[in-house]
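Input: a single structure, listed below in structure tokens.
The values are calculated or read from the model by the stated rules, or taken from the named source; none is laboratory data. All values reported here derive from a predicted model rather than from experimental measurement. So basically every Cβ, Gly included, is an ideal-geometry build from the backbone, and we count neighbours across all protein chains shown.
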């Protein structure tokens, strides 16, 4: 009986010990949950996510600044280009409207041209020659070109060619079209052409077609046409042996 009683006492002691241990563990767990100072996994700050968001915001801000700088630079360049365009006659740059001398070039071209080459003589006022060119075998045959700015800084030019007039005139006038009007200049009838860019006076002769064209008004074009004279050349003399 004593052994059985001892066994019962031991079992009872174990149960009491186990019960106390379980109760202590349970109380410790409740205490940990009740203590707000104890860190919990769900309360950990999202450090990685916060860092990614900050980096994304910084990159977005840099991209916006780059776009703004590009827009400002483009606007400044455009304004500068427009200023040069509107302050220069006919939208040309200062280098393009420089004054040129054409006496030597016209003398050389007159000796080579297969037709009577003309140049203006005695133009009254501040007419400036801005371009000169002779092509002995151009797209429209032998072609002579001489460009001017009139006293009001408007473009006027002379062009001659022995090529086909139906091709030459629309080409040099940039698609002007013939009208049924004429302008009498020094006892010769010039045909009036009108176009989206240039108007022109055209004189067609058997050997050559002469065109006076430009953005200058018709009276200025007629003044240029009336000043045209055949460029005389000195005869070439051989060397006596």
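For residue 118, the conditions (1) surrounded by 14 or more Cβ atoms within 10 Å (Cβ to Cβ); (2) modelled with pLDDT under 65 are fulfilled apart from (2). None of 128, 145, 231, 181 is free of Cβ contacts under 8 Å to residues at least 12 places away in the same chain and touching a strand residue (DSSP E or B) at 6+ places or on another chain (Cβ under 6 Å) except 181. Tell me yes or no: at least one residue of region 163-170 is within 28 Å of the chain's Cα centre (by Cα), farther than 24 Å from residue 106 by Cβ and assigned by TED's automatic domain parsing to the domain that holds residue 134. Scanning region 163-170, I find at least one residue that is within 28 Å of the chain's Cα centre (by Cα), farther than 24 Å from residue 106 by Cβ and assigned by TED's automatic domain parsing to the domain that holds residue 134, so the answer is yes.
Restricted to region 94-122, and to residues there that are in contact with a helix residue (DSSP H, G or I) (Cβ under 7 Å, 6 or more places away or on another chain) and assigned by TED's automatic domain parsing to the domain that holds residue 165, the residue that is farthest from residue 226 (Cα to Cα) is 117.
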